[in-house]
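The values are calculated or read from the model by the stated rules, or taken from the named source; none is laboratory data. Remember, predicted model here, so these are calculated numbers, not experimental data. Cβ atoms come from the backbone with ideal geometry, glycine included; neighbour counts cover every protein chain shown. Remember, those area values only see protein heavy atoms, side chains included, never the ligands or the DNA or RNA. Shrake-Rupley method; radii C 1.70, N 1.55, O 1.52, S 1.80 Å.
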Amino acid sequence: MSISVIGANKRYGDFAALHDVSIDIPEGSLTSLLGPSGSGKSTLLRAIAGLDSLDSGTVIINGNDVSAASPQKRDIGFVFQHYAAFKHLTVRDNIAFGLKIRKRPKREIDKKVDELLDIVGLTVFQKRFPAQLSGGQRQRMALARALAVDPQVLLLDEPFGALDAKVREDLRKWLRRLHDEVHVTTVLVTHDQAEALDVSDRIAVLNQGRIEQVGAPDDLYDRPANPFVASFLGSTVRVNGELVRPHDIRIGRNPEIALPGGDAALDTGVVKATVARVVNLGFETRVELLAAATGDEFAAQITRGDQNALHLQPGETVYARATKIAAFDR
Ligand SMILES: Nc1ncnc2c1ncn2[C@@H]1O[C@H](COP(=O)(O)OP(=O)(O)OP(=O)(O)O)[C@@H](O)[C@H]1O
């Protein structure tokens, strides 16, 4: 089911947590709400769920205006960062809970729970209690429980937020596969740009209660609408005052630096600089530079192969040129 939010405003006292936010979330998509802490992601998600009311604005789910409807009437599955499982129920009974209170026939419940245990990879743990699961397994149980009642919409608020980096990465791959299987319209709140780029069909970038840009991950990374989006979706530095990505900077020993496939309109021009430090990052090498004219520090990211050819050393003078400006200042 598609979701539309139109003209959403929410204030807490003088503070605008949402400022005239409008967004369309296509049916079957996995859309991330991405932004720094306090940007209004959870407020927007909770408004879609009906857990918080808006001061003004409309929430439409599947063509129906649900702005005044209770959360129960919105047919939504919700998973939070700290999932409150029923401690005294087994994994299997936790997943079956929503179906039991809806008084579904036992055979239907058993079949559905078997399917979900398989999808979330917890079949062998079904007789365990939540306390006997790892954090990642518990979040998978939470997702299975939310999915059990066939919600039209799945809302996930930092569902992997409390887990360590490796488990988060595994779970987001798993979430992507799960979404490819079940296709339920999903909205994921995250402050982690790698997570958003990895799992989403679409990303909405929020900042101070406003949506800065909505688009496919590649659009946002390659064609950010403004410096905020550019910097939030990847690292950026300034060359000649222009915002660029470190991997778009070319370095050479003479000022004639070619622009391989570059667009002259997006070129920063050549900057004379001193190499301050060379850091080997595995496949890539970070070259920390000091602009001769301004003293500005900036870092370029070149491949290990390029560094093997150039042998850049601290203290030497080089020329740097970014072949693409990431975003223009407003
Ligand atoms: N009940 C409340 N009373 C007062 N202010 C609130 C309340 N709930 C949220 N806020 C404020 O509204 C702003 C947006 O909060 P929200 O939880 O939506 O941000 P977020 O982007 O989800 O942040 P985080 O990533 O830290 O969870 C914050 O500045 C927060 O302090």
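Residues are listed down the side, and each one gets a yes or a no for (1) touching a Pro at 6+ places or on another chain (Cβ under 8 Å); (2) hydroxyl-bearing (Ser, Thr, Tyr):
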residue	(1), (2)
Pro227	no, no
Glu242	no, no
Thr274	no, yes
Leu290	no, no
Thr294	no, yes
Gln301	yes, no
Leu310	no, no
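Return the pairs, sorted by first residue and then second, in which the second residue is among the small types (Gly, Ala, Ser) and surrounded by fewer than 19 Cβ atoms within 10 Å (Cβ to Cβ), the first residue lies in region 79-102 and is free of Cβ contacts under 8 Å to residues at least 40 places away in the same chain and over 18 Å from Leu156 (Cα atoms), the beta carbons are less than 7 Å apart, and the residues are 6+ apart or on different chains.
none
Considering each of Asn280, Asn308, Asn240 in turn, give the residue that is open to solvent by 80 Å² or more (accessible area, probe 1.4 Å), at pLDDT 90 or above and under 34 Å from the mean Cα position of the chain (by Cα).
Values: Asn308 fails: under 34 Å from the mean Cα position of the chain (by Cα); Asn240 fails: at pLDDT 90 or above.
None of the other options fit; the residue is Asn280.
Would you please list the contacts, defined by Cβ atoms under 7 Å and residues six or more apart or on different chains, that run from a residue in region 124-137 that is small (Gly, Ala, Ser) to a residue that is open to solvent by 90 Å² or more (accessible area, probe 1.4 Å)?
Correct list of pairs: Ala131/Lys87.
If I filter region 97-118 for residues that are assigned to a helix (DSSP H, G or I), in contact with a Phe, Trp or Tyr (Cβ under 6 Å, 6 or more places away or on another chain) and modelled with pLDDT of 85 or more, do I get at least one hit? I'd like the intermediate steps shown before the answer.
So in region 97-118, the residues assigned to a helix (DSSP H, G or I) come out as 97-101, 106-118.
Of the ones still in play, those that are also in contact with a Phe, Trp or Tyr (Cβ under 6 Å, 6 or more places away or on another chain) are none.
Checked region 97-118: no residue is assigned to a helix (DSSP H, G or I), in contact with a Phe, Trp or Tyr (Cβ under 6 Å, 6 or more places away or on another chain) and modelled with pLDDT of 85 or more.
Which of the residues spanning region 79-89 are within 16 Å of the ligand (Cβ to nearest atom) and open to solvent by 50 Å² or more (accessible area, probe 1.4 Å)?
Phe80, Gln81, His82
Those residues that are part of a helix (DSSP H, G or I) and crowded, with 19+ Cβ neighbours inside 10 Å, I need them from region 143-173; list them, please. Spell out the reasoning first.
To start, the set of residues in region 143-173 that are part of a helix (DSSP H, G or I) comprises 143-147, 165-173.
Leu143, Ala144, Arg145, Ala146, Leu147, Arg168, Leu171, Arg172, listed by residue number.
Quick check on region 190-198. Is at least one of its residues in a helix (DSSP H, G or I) and among the acidic types (Asp, Glu)? Let's see the steps before the verdict.
Looking only at region 190-198, we keep the residues that are in a helix (DSSP H, G or I), and these are 193-198.
From what is left, the residues that are among the acidic types (Asp, Glu) are 195, 198.
Yes, there is a match, as at least one residue in region 190-198 is in a helix (DSSP H, G or I) and among the acidic types (Asp, Glu).
Could you check how many residues of region 65-78 are within 23 Å of Gln139 (Cα to Cα) and either open to solvent by 100 Å² or more (accessible area, probe 1.4 Å) or in contact with an Asp or Glu (Cβ under 7 Å, 6 or more places away or on another chain) (or both)?
Here the count works out to 1.
Taking Asn207, is it at pLDDT 90 or above, touching a Gly at 6+ places or on another chain (Cβ under 6 Å) and surrounded by fewer than 23 Cβ atoms within 10 Å (Cβ to Cβ)? Even if it seems obvious, please write down each step before you answer.
Details: at pLDDT 90 or above: yes; touching a Gly at 6+ places or on another chain (Cβ under 6 Å): yes; surrounded by fewer than 23 Cβ atoms within 10 Å (Cβ to Cβ): yes.
Yes, satisfied.
Test each condition in (1) in contact with a helix residue (DSSP H, G or I) (Cβ under 7 Å, 6 or more places away or on another chain); (2) surrounded by 15 or more Cβ atoms within 10 Å (Cβ to Cβ) for Gly121 and report the one that comes out false.
The number of the failed condition is (2).
Name every residue in region 179-198 that is in contact with a helix residue (DSSP H, G or I) (Cβ under 9 Å, 6 or more places away or on another chain) and surrounded by fewer than 23 Cβ atoms within 10 Å (Cβ to Cβ), in order of residue number.
If we filter region 179-198 for residues that are in contact with a helix residue (DSSP H, G or I) (Cβ under 9 Å, 6 or more places away or on another chain), which is where we start, we get 179, 181-182, 184, 186-198.
Matches in region 179-198: His179, Glu181, Val182, Val184, His191, Asp192, Gln193, Ala194, Glu195, Leu197, Asp198.
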